Structures are given as structure tokens and as C-alpha cells.
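Novice: Have a look at this one.
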Amino acid sequence: MSPRAPFIVIEGLDRSGKSTQCTTLINRLEAAGIPAKLLKFPDRTTTIGQMIDAYLKSQSELDDHLIHLLFSANRWELASTIERLLREGTVVVCDRYAFSGIAFSASKGLPFEWCRAPDVSLPAPDLTLFLDISPEAAMARGGYGEERYEKREMQESVRRIFVRLAEEMNGEGMGDSRSAWITVDASQTMDDVSEAMWAHVQPMIGGTHRPIGRLWAGSFSSDATE
Ligand code: Z5A
Ligand code: MG
């Protein structure tokens, strides 16, 4: 059986350079002859994505729980596509994923475990590259402050929750859903960040025979009578 392709997630604070680096990574994979597909969450093109877009631009008001569920539903819309692409041998690079979902909603005060629940069982990344930058350095970059969550206190809280998620993902007891979480210093030059990322991606491009993992698998009992 031929190996499946790896699933790579890029996470980070706002303006840490995720979208810039995702494009660079896709170009680099393609230049190496590796089929690769870029996905981005929120995917603002779907019906659910359009509701999210209006909310982020403050054109609509939604209950905090509801917008959290919409972000998660927006990932579930693409879950089977992600699995199909990986099985076909296409590397999937994802600009934000479930970790952003938890970090932002928990920062608004929703319980951490409640935030995680709707994303349990999504395809698990084989590698998460977390682009770390201080909120001050991020604010100095272009475009900051145009959307709802781009406030300093929010970004500081989001960063703390990402650190908690990182410890958890690299920790024991994650079973099937254990996946590598690498923190990259995103305050470096664009070229240095992309080199640091490539050092982790390059060894994976040959593919893997490991089954596609499930995020936080085992969080719930599958037997209703237990
Ligand atoms: N959100 C959520 O609440 N729940 C969820 O489940 C998900 C998301 C998935 C929109 O996300 C919001 O949705 C976001 C989280 C929330 N909150 N906010 N606010 P988004 O991904 O659509 O956000 P975005 O508009 O793409 O911005 P971004 O992701 O924050 O930016 P970025 O992709 O990390 O950065 P960039 O666009 O690549 O670069 C920003 C600027 O910095 C640009 O001018 C670059 O040229 C510059 N740049 C990049 N790298 C460097 C370096 N190394 N040095 C100097 N300058 C650089
Ligand atoms: Mg972006």
C-alpha cells in the first residue's frame, strides 16, 4: 500500500505570518514535485464561512457559543476532503485549525473543555507548526486592528491558551491523537521562519503509513450504556 501524505497545520497569533508562510510552504512543496493543497480556516467561501466573515467584520452579532460552533462546523465541512487528499498523496497545509477555535473562544470566557468538544474526532495533524510572536511585535505589522479579536488583551490570553495546548499535544496520554507541536520564532525574517519550518516538514514529505489520527480521540466514551 502506498503511504498517505502528511497533514500539516500552521497556527499562531494574529499577524504572526501564518498566511505568508503557508504560501511559501506550498510553493516549496510544489517545487520539490510534491502535490500539496492549502486550506484556510475560517473558510469564508461556504455558507457557514460567510456567517463567520460577517461576524468577524462586526456586521452581525452572534452568541459566543453559536459562533464557536460555526467555526467548528466550518472545519467539519472539509474533514472528509482533508482525509481524501491525504489518502491520494496530497500534502494538506492548513492555515489555522481547531487550536485557534479553542484559543479564541476560551479567551472570551467559554469553558476550555466545552470549546474542545465539537472538534473531537476531526482529522489530527501529523505536525503543528506554531508561529510564536509577542502581541507587541505582531501589532507593529500591517493590517492589525481591523477585525473583532485584534485587541492586545485578547491576543495575550490566546497566546497563553496556545501554550497550554502545545504542552498537551506533546504530552503523554494523547494516544492516537498525539501529534508533534513545534514552536517557531516568528519574529525572525520571513526567510528564516520558512527555513525553520522546512527543517520540520522536509523529513515528512515521503509520506507515512500511520493511519490518520483523530483529534483528542478517547475524550468521550463511545458506549452510551457505560
Ligand atoms: N478564529 C476563531 O475565533 N476561531 C476559529 O476556529 C478560527 C479562527 C479558525 C480570523 O482569522 C479570525 O478568526 C482570527 C481568529 C479567529 N482572529 N482574529 N482577529 P484569519 O486567519 O482569517 O486572520 P487573518 O486575517 O488571516 O490574519 P492573521 O491570520 O492574523 O495574519 P497571519 O496570516 O498570521 O499573517 P500574514 O497575513 O501572513 O502577515 C501579516 C503581515 O505581517 C503582512 O503584512 C506580512 O507581510 C507581514 N509579515 C509576515 N511575516 C513577517 C516577518 N517574518 N517579518 C516581518 N513582517 C512579516
Ligand atoms: Mg492569515
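The values are calculated or read from the model by the stated rules, or taken from the named source; none is laboratory data. None of these values were measured; they are calculated from a predicted model. For neighbour counting, all protein chains shown are included, and Cβ atoms are generated from backbone atoms with ideal geometry for every residue, glycine included. Heads up: the accessible areas ignore ligands, DNA and RNA and are worked out on the full protein's heavy atoms, side chains in. Shrake-Rupley method; radii C 1.70, N 1.55, O 1.52, S 1.80 Å.
Novice: Here's a check for you: in the stretch 200-218, which residue that is closer than 28 Å to P118 by Cβ and not hydrophobic (A, V, I, L, M, F, W, C) is surrounded by the most Cβ atoms within 10 Å (Cβ to Cβ)?
Specialist: Among residues in the stretch 200-218 that are closer than 28 Å to P118 by Cβ and not hydrophobic (A, V, I, L, M, F, W, C), the one surrounded by the most Cβ atoms within 10 Å (Cβ to Cβ) is G213.
Novice: If you go through the stretch 120-142 one residue at a time, do you hit one that is among the β-branched types (V, I, T) and either in a strand (DSSP E or B) or under 16 Å from K40 (Cβ atoms) (or both)?
Specialist: Yes, the stretch 120-142 has at least one match.
Novice: While we're looking at this one, here's another question. Could you tell me whether any residue of the stretch 96-111 is of a type in the set (V, I, T), under 23 Å from M169 (Cβ atoms), buried (at least 22 other Cβ atoms within 10 Å of the Cβ) and touching a residue at least 12 places away in the same chain (Cβ under 8 Å)?
Specialist: Among the residues of the stretch 96-111, at least one is of a type in the set (V, I, T), under 23 Å from M169 (Cβ atoms), buried (at least 22 other Cβ atoms within 10 Å of the Cβ) and touching a residue at least 12 places away in the same chain (Cβ under 8 Å), which makes the answer yes.
Novice: So in the stretch 1-45, with the set limited to residues that are among the charged types (D, E, K, R) and outside any helix (DSSP H, G or I), which one is farthest from R141 (Cα to Cα)?
Specialist: Selected residue: R4.
Novice: Filtering the stretch 90-102 down to residues that are part of a strand (DSSP E or B) and of a type outside the set (D, E, K, R), which residue is farthest from ligand 2 (Cβ to nearest atom)?
Specialist: V91
Novice: Which one is most open to solvent (accessible area, probe 1.4 Å) among residues in the stretch 16-69 that are of a type in the set (D, E, K, R) and more than 13 Å from ligand 2 (Cβ to nearest atom)?
Specialist: Ranking the qualifying residues of the stretch 16-69, first place goes to E61.
Novice: Taking the conditions exactly as written (more than 10 Å from ligand 1 (Cβ to nearest atom) and farther than 21 Å from R159 by Cα), does T23 satisfy them or not?
Specialist: No: the conditions fail for T23.
Novice: Which one of the conditions (1) modelled with pLDDT of 85 or more; (2) away from ligand 1 (no atom under 16 Å from the Cβ) does D176 fail to meet, given that it meets all the rest?
Specialist: (1)
Novice: Picking from R84, R75, which residue would you name as being farther than 15 Å from F41 by Cβ and modelled with pLDDT of 95 or more?
Specialist: R84
Novice: L13 - would you say it is under 14 Å from D95 (Cβ atoms), open to solvent by 30 Å² or more (accessible area, probe 1.4 Å) and in contact (Cβ under 8 Å) with a residue 40 or more places away in the chain?
Specialist: Against the criterion (under 14 Å from D95 (Cβ atoms), open to solvent by 30 Å² or more (accessible area, probe 1.4 Å) and in contact (Cβ under 8 Å) with a residue 40 or more places away in the chain), L13 does not qualify.
Novice: Going through S72, S105 one at a time, which residue ends up being within 28 Å of P211 (Cα to Cα), more than 16 Å from ligand 2 (Cβ to nearest atom) and among the hydroxyl-bearing types (S, T, Y)?
Specialist: S72 is the lone residue from the list that is within 28 Å of P211 (Cα to Cα), more than 16 Å from ligand 2 (Cβ to nearest atom) and among the hydroxyl-bearing types (S, T, Y).
Novice: Against the conditions (1) within 15 Å of ligand 1 (Cβ to nearest atom); (2) over 18 Å from the mean Cα position of the chain (by Cα), where does V93 fall short? Just the number, please.
Specialist: Every listed condition holds for V93 apart from (2).
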